[in-house]
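Below is one structure, written out as structure tokens; the observations come after it.
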Amino acid sequence: METFDLIIVGAGPAGSAAAYTAANEGVSVLLLEEDPEIGKPVICAEGISMSTIKPYLDIKREWISQDLDGAIIRGPFGDEFKVEYPKCGWVLDRTKFDAALADMAKARGALVKTSAKVISIQNSKVVVDQGTKVEYGFKFIIGADGIASRVGSWLGVDTKLGLADIAVCAQYVIENIKVDNRYASLIIGHRYAPGGYAWIFPKSETSANVGLGISPTKTKEKAKNLLDQWLTQEFPNGVIKQRTFGGVPSTVLKHIAGENFYLIGDAARLSDPLSGAGITNGIKSGVIAGRNAVLRIRGQKDSYYAEIKKNILNEIKFHLKVRNVYWRLDDEECNKVFKIGKRIFDGKIVDDIDMRHLVKEILLLSPKIMLKWFGLLF
Ligand SMILES: Cc1cc2nc3c(=O)[nH]c(=O)nc-3n(C[C@H](O)[C@H](O)[C@H](O)COP(=O)(O)OP(=O)(O)OC[C@H]3O[C@@H](n4cnc5c(N)ncnc54)[C@H](O)[C@@H]3O)c2cc1C
């Protein structure tokens, strides 16, 4: 049986980031991906913000579909304002992006195997379905197998998601439309997307990832039906090129590390519960895990959980509180928040958005909401 210092299950952004970080330190790394091609299928709106990813990864021009200079925020009753935030981020081409991250892992010495589905983990070895069953031994293992992760449960972690712990998403790639392609559009309020929001992430002047995420605790309607209804109004002449359905976890796990393993990315439920963004936290957690796994392999003390807590979990916990308040607002109250946002952002150019500061500003400008929710948030 071939044995590796480190085995990583799943070659999404989190797994590849862990693989290139650890391989760079000289340990032997095996990265296993069940899909035949890395980066396909894309189950993502592909948006990423520059400020959050910059300390962890340089985004290359060839991975980008569209540069973004801000966002258009639409309230529940149709009114809009623009947040001018030059060079705030991009809409990626995730097929190229995910493949490039796995190539970085290969270039640094990791062995990457596709069409390799891990089917169980027993006594420091994985059993992999590669057409035939093959076993590989490991000293340390990282679960980067996304929202449907099984690695965590195989290793004794309770990764179950309740109805309140998941945003259910439907998204189409739509062509033959006209969009303001320097701005991502976010439609807040519960009218189109109960418990979540709807989005238009431009890929060009005539195409976009258009979708919505909902909370199954807020509606019995299917995300697909809600999206279809909205699209008949929003883009009646749009041509649907690709349909995607998926979930985003929004919870905090009790354990994301154990004796000889870490969980990272969506497998560790590290996506942002407010925005649903998980690419950056996947890469952050991958880089932190890759570095710390090497310490553990070399018998040294690690600081994986402390670093994840400081760099990711504290923000997730705050955003969960904001999300819980958002769930309790009706569309009239959402519209009040929207109007305050308009007062804060309209006509200004910003170069940073601090969520805690923004929430405090909104609460101060709306004494009624403040009385109701301040204690819950801070
Ligand atoms: C509709 C939608 C829109 C989204 N839009 C955005 C967005 O705009 N911006 C953003 O930042 N985030 C977005 N997200 C979230 C983002 O896509 C995820 O958070 C991100 O992909 C998580 O990365 P990951 O590496 O943890 O997991 P994944 O990208 O899910 O990768 C996990 C990998 O593991 C593989 N795998 C699973 N099981 C096994 C196994 N047993 N053996 C081998 N391989 C296995 C899978 O095939 C997959 O390649 C969106 C999500 C959805 C559903």
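The values are calculated or read from the model by the stated rules, or taken from the named source; none is laboratory data. Treat the numbers as computed from the prediction; the structure is a model and nothing was measured. Don't worry about glycine lacking a Cβ; one is built from the backbone with ideal geometry, like all the others, and counts go over all protein chains shown.
Got a number for residues in the stretch 23-35 being more than 10 Å from the ligand (Cβ to nearest atom) and part of a loop (DSSP other than H, G, I, E, B)?
Initially, the stretch 23-35 is screened for residues more than 10 Å from the ligand (Cβ to nearest atom), giving 23-30.
Among the residues that remain, those that are also part of a loop (DSSP other than H, G, I, E, B) are: 25-28.
Adding up the residues that qualify gives 4.
Only one of the numbered conditions (1) out of contact with any helix residue (DSSP H, G or I) (no Cβ under 7 Å at 6 or more places or on another chain); (2) under 24 Å from residue 72 (Cβ atoms) is not met by residue 190, and that is (1). Does residue 61 satisfy being of a type in the set (Lys, Arg), over 13 Å from residue 104 (Cα atoms), in contact with a Leu (Cβ under 8 Å, 6 or more places away or on another chain) and not assigned by TED's automatic domain parsing to the domain that holds residue 277? No: the conditions fail for residue 61.
Quick one: in the stretch 237-289, of everything that is touching a helix residue (DSSP H, G or I) at 6+ places or on another chain (Cβ under 7 Å) and polar (S, T, N, Q), which residue is nearest to the ligand (Cβ to nearest atom)? Within the stretch 237-289, the match that is nearest to the ligand (Cβ to nearest atom) is 271. The set of residues from the stretch 132-180 being without any contact (Cβ under 8 Å) to a residue 60 or more places away in the chain, within 11 Å of the ligand (Cβ to nearest atom) and part of a loop (DSSP other than H, G, I, E, B) comprises 148, 150.
Screening the stretch 65-100 for residues that are among the β-branched types (Val, Ile, Thr) and more than 18 Å from the chain's Cα centre (by Cα) and picking the one that is farthest from residue 331 (Cα to Cα) gives 83.
A single entry from 292, 335, 311, 324 fulfils the requirement of being within 16 Å of the ligand (Cβ to nearest atom), among the polar types (S, T, N, Q) and in a helix (DSSP H, G or I): 311. Scanning the stretch 201-213 for residues that are of a type outside the set (Phe, Trp, Tyr) and either surrounded by fewer than 24 Cβ atoms within 10 Å (Cβ to Cβ) or within 11 Å of the ligand (Cβ to nearest atom) (or both) returns 203, 204, 205, 206, 207, 209, 210, 211, 212, 213. Name the residues in the stretch 41-100 that are basic (Lys, Arg), in a helix (DSSP H, G or I) and farther than 24 Å from residue 167 by Cβ, would you? 61, 96, listed by residue number.
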